[in-house]
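Asker: For reference, the structure I am asking about is given below.
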Amino acid sequence: MSSYLDDARPETDPAGTPHLRPALHYTARDTWLNDPNGLVFHRGMYHLYYQNNPYGNVWGNMSWGHAMSTDLVHWTEQPVAIACDDSEDIYSGSIVVDHANSSGFGSAENPPLVAIYTSAFKPGTPHEGTQAQSLAYSNDAGMTWTKFAGNPVLTRGSANFRDPKVFSYPGPDGLCWVMAAVEAGEQKVVFYRSANLRDWELASEFGPANAAGGEWECPDLFPLPVDGDPDRTKWVLVVNINPGAVAGGSGGQYFVGDFDGFTFTPDPSSLLDSPVYGTSGAGAEAGRLRECRWLDWGRDYYAAVSFSNVPDGRRLMIGWLSNWDYANSLPTFPWRSGMSLVREVSLETVDGRPALVQAPVLPPLESVQRLDGRELHGVLPLPEILPGEAQVIDAEILPGAAGRCGFRFWEDSDGGAAILAYDPAAGVLTLDRTDAGETAFHPAFASVESAPVLLEDGVLTLRIVVDHCSVEVFAQGGKVVLTDLIFARVGNKGSSVFAEGGAAILRKLAVAAVD
């Protein structure tokens, strides 16, 4: 959910597409946004910075927008944090709390927040045409920022060196800073080390590997215990890619392995024999692309990275709720694009190897309607999705004799809907938006996504978050996730659960309205 400070943006004409404004997902009031940046918890507040065009609702004038939250659900937009200027656009990056003031930008009593961002240098500047890493710092808890006079602090003479994710790493000589950035066109993650955030030395490189058909962007690297056991900790390397994701266009893959402060070594079970250079889920490479490890099997979860300095130790991620195939054409006004729900991620043993499991961060669920314990033949209507609210659906379904079962969302009078369907014979979950509201605004938008999902003791478990313009599906406890944008027309608010070709059992079905 989004709220807006009066001075965050100028007032705009209220006409537009208010029926598509999400209830739970963050959107800027009247501008463009894309990648989440600088995710950090500090002094009781979660900070979400992001790629933002302060002057319009299409990509351009890249600056860092800013929103704040106490609960990861309700966000208040703030004034632009770090603005582009005549010399540089402000591309993606990260923020750390410099507790020891190693950078010298603050003091022991008031440790600074330090933003490490990519400078995209403009024509006529000394570094024109290149991307390099720069610093800005804040001594007032992230509200205002000062660019470092010695920028850039790390250059490679490259046009595609970007997206630094920085974290502290405990070594034998104490904490050091580690940066994971990308050489995007080479499909490489490059790792650097520093003692003070200003001076950096190359440590190692990783890639190309697995999905490598497009540019690698927005890396992240973090440790997680396997099955909650702190003695079995593995490292997760997230690499976003555009194009070349499993559902087409942009998406995120990950690798599981080990990290020693210098080098990431993937587990053999995380690697394919050779990279996949195809750029879609079709064609000769489709099967191999589906063998990669994906954060999300849908079309609209990209640039996902995690928060730093989270006090309770949870690993929390958020992604951009869009796809570069059609992002500039989305039929919303005056804003364009939003963020996914925040997701808590963990590592669990799945099919004998560690795998990411994701759970959405949600407000308390109230006003829950239960439809448990019934045999389903045909179609059962569900409560309508009301303006200003989202729905959370928790279901446990035994497909039984059904040839197909699932849900329909945003139904219209002509029979159109977004269809989430499970085929028990194939072991595949699909999300079909080809006949769901507005699809003609871009030829790449209408699509059907699919993901492999196996029943567990004969049961399909789903948590579905249906918001105004999106559906996020967490299957089998979050082992598989599907996220798609859906742009329903005004008045479309019906939903239903169905079984075809035989009866299914609704062991559990709970529907909650949330705002």
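Asker: Select from the range 218-262 the residues that are in a loop (DSSP other than H, G, I, E, B) and of a type in the set (D, E, K, R) and write down the one among them that is farthest from GLY478 (Cα to Cα).
Answerer: ASP260
Asker: To continue, here is another question. Name every residue in the range 290-319 that is under 17 Å from VAL166 (Cα atoms) and of a type in the set (A, V, I, L, M, F, W, C), in order of residue number.
Answerer: Result: ALA303, ALA304, VAL305, PHE307, VAL310, LEU316, MET317, ILE318.
Asker: If you take the residues in the range 406-431 that are touching an Asp or Glu at 6+ places or on another chain (Cβ under 6 Å) and outside any strand (DSSP E or B), which one is surrounded by the most Cβ atoms within 10 Å (Cβ to Cβ)?
Answerer: Selected residue: ALA417.
Asker: Which condition does LEU386 not pass, out of (1) assigned by TED's automatic domain parsing to the domain that holds GLU472; (2) more than 22 Å from ARG29 (Cα to Cα); (3) of a type outside the set (Gly, Ala, Ser), if it passes all the others?
Answerer: (2)
Asker: Looking only at the range 339-396, which residues are outside any strand (DSSP E or B), in contact (Cβ under 8 Å) with a residue 60 or more places away in the chain and closer than 20 Å to LYS508 by Cα?
Answerer: Once the filter is applied, which keeps residues that are outside any strand (DSSP E or B), in contact (Cβ under 8 Å) with a residue 60 or more places away in the chain and closer than 20 Å to LYS508 by Cα, the range 339-396 yields LEU362, LEU365, GLU366, SER367, LEU371, ASP372, GLY373, PRO383, GLU384, ILE385.
Asker: Let me ask something else about it. Looking at the structure I just gave you, is LEU197 buried (at least 22 other Cβ atoms within 10 Å of the Cβ) and either out of contact with any Leu (no Cβ under 6 Å at 6 or more places or on another chain) or without any contact (Cβ under 8 Å) to a residue 24 or more places away in the chain (or both)?
Answerer: Answer is yes for this residue.
Asker: Please go through the range 35-94 and give me each residue that is hydrophobic (A, V, I, L, M, F, W, C), under 18 Å from the mean Cα position of the chain (by Cα) and within 17 Å of ALA136 (Cβ to Cβ), ordered by number.
Answerer: Across the range 35-94, the qualifying residues are LEU39, VAL40, LEU48, TRP64.
Asker: Here is a follow-up. Looking at THR434 and the list (1) in a loop (DSSP other than H, G, I, E, B); (2) of a type in the set (S, T, N, Q); (3) under 21 Å from GLN358 (Cα atoms), which single condition is not satisfied?
Answerer: Failing condition for THR434: (3).
Asker: Right, here's the next one. For a quick check of your reading of the model, give me the residue pairs whose first member lies in the range 99-120 and is without any contact (Cβ under 8 Å) to a residue 12 or more places away in the chain, whose second is part of a loop (DSSP other than H, G, I, E, B) and hydrophobic (A, V, I, L, M, F, W, C), with beta-carbon atoms closer than 9 Å and at least 6 apart or on different chains.
Answerer: So the pair list comes out as ASN101/ALA108; ALA108/ALA100.
Asker: Could you tell me which residue of the range 256-283 is modelled with the lowest pLDDT, considering only residues that are over 20 Å from ARG162 (Cα atoms) and aromatic (Phe, Trp, Tyr)?
Answerer: TYR277
The values are calculated or read from the model by the stated rules, or taken from the named source; none is laboratory data. Source: prediction; values computed, not measured. All Cβ positions, glycine included, derive from the backbone under ideal geometry; neighbour counts span all protein chains shown.
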